[in-house]
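The values are calculated or read from the model by the stated rules, or taken from the named source; none is laboratory data. As the structure is a computational prediction, the values presented were derived from the model and not from experiment. Don't worry about glycine lacking a Cβ; one is built from the backbone with ideal geometry, like all the others, and counts go over all protein chains shown. Just so you know, the surface numbers come from the protein's heavy atoms only, side chains and all, with ligands and any DNA or RNA stripped out. Shrake-Rupley method; radii C 1.70, N 1.55, O 1.52, S 1.80 Å.
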Amino acid sequence: MQDDAAVRDLQQRLPFWDKLSLDEQQGLAASTMSVKYRAGQNIHNASEQCVGVLLIKSGELRTYMMAENGREVTLYRLYGGDVCILSASCVLQSITFDVFIDAERDTEVLLISPAYFLKLLEQNVHVENFSLKITADVFSEVMWTMEQILFMSFDQRLAVFLMDEASKTGAGTLHMTHEQIARYTGSAREVVSRMLKYFEQEGIVKLSRGTVELADKERLRNLAVLQ
């Protein structure tokens, strides 16, 4: 990838760009390509350990773990402007667990070759610092997810999730199925449906096919902060 627009994209998205030599900048640009993923497409799994570093231009990715029985636990989701580094887990020697990454919506990314990124990582301290920061952010998100699963009741977890989603979209109505909410909260669809029905009976939400309207945000907020 060598066109001017693509190079400007790398300049804007990579804080270490100005710390690279001209040869490194040219090598990085040549080792990066634009890729589009369809909604529902699997990008990374246990058998594909080195897709590369993903700079998300638009869309949404979901990173999750899967148990042998097929149950999924969503670790975090990424959006336009975010960086996905677990898709290049061979670059990070400390990563010893398997994650899956799917495109939740049609998604466009800049894909950096893991081989060239590893080369930069080994020879440029600014790239190393960038990688460590992104990795620390990832584990902060993972620990927050684990904290919710281990220490929060499900009504509180669901309230936190609904409030977070409303904050992201800026809307009072979420367009999500119960199955999607179950994947994002690491629960079963039946559990989600029962709790949403309870919330509806309490006047906290209003349910319709594929949507959840937040009818009483104050009560939902109180549930979310309940210890």
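At-a-glance table
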item: Looking only at the stretch 26-48, and only at residues there that are surrounded by 17 or more Cβ atoms within 10 Å (Cβ to Cβ) and of a type outside the set (Phe, Trp, Tyr), the one that is nearest to LEU121 (Cα to Cα); result: LEU28
item: Filtered residues of the stretch 115-128 (kept if of a type in the set (Phe, Trp, Tyr) and either loosely packed, with under 14 Cβ neighbours inside 10 Å or within 23 Å of the chain's Cα centre (by Cα) (or both)); result: PHE117
item: Where LYS57 falls short, out of the listed (1) closer than 30 Å to LEU150 by Cβ; (2) surrounded by 13 or more Cβ atoms within 10 Å (Cβ to Cβ); (3) out of contact with any Cys (no Cβ under 8 Å at 6 or more places or on another chain); result: (1)
item: So ARG105, is it over 26 Å from LEU14 (Cβ atoms) and either of a type in the set (D, E, K, R) or touching a His at 6+ places or on another chain (Cβ under 6 Å) (or both); result: no
item: Some residue of the stretch 159-168 being modelled with pLDDT of 90 or more and not in a helix (DSSP H, G or I); result: no
item: Residue in the stretch 82-89 that is surrounded by fewer than 20 Cβ atoms within 10 Å (Cβ to Cβ), closer than 27 Å to GLU179 by Cα and under 12 Å from the mean Cα position of the chain (by Cα) present; result: yes
item: Options SER153, SER167, SER140, SER131; residue that is open to solvent by less than 50 Å² (accessible area, probe 1.4 Å) and not aliphatic (A, V, I, L, M); result: SER131
item: TYR64 open to solvent by 50 Å² or more (accessible area, probe 1.4 Å), under 19 Å from ASP137 (Cβ atoms) and in contact with a strand residue (DSSP E or B) (Cβ under 8 Å, 6 or more places away or on another chain); result: no
item: Residue tally, condition outside any helix (DSSP H, G or I) and free of Cβ contacts under 8 Å to residues at least 40 places away in the same chain, over the stretch 122-152; result: 1
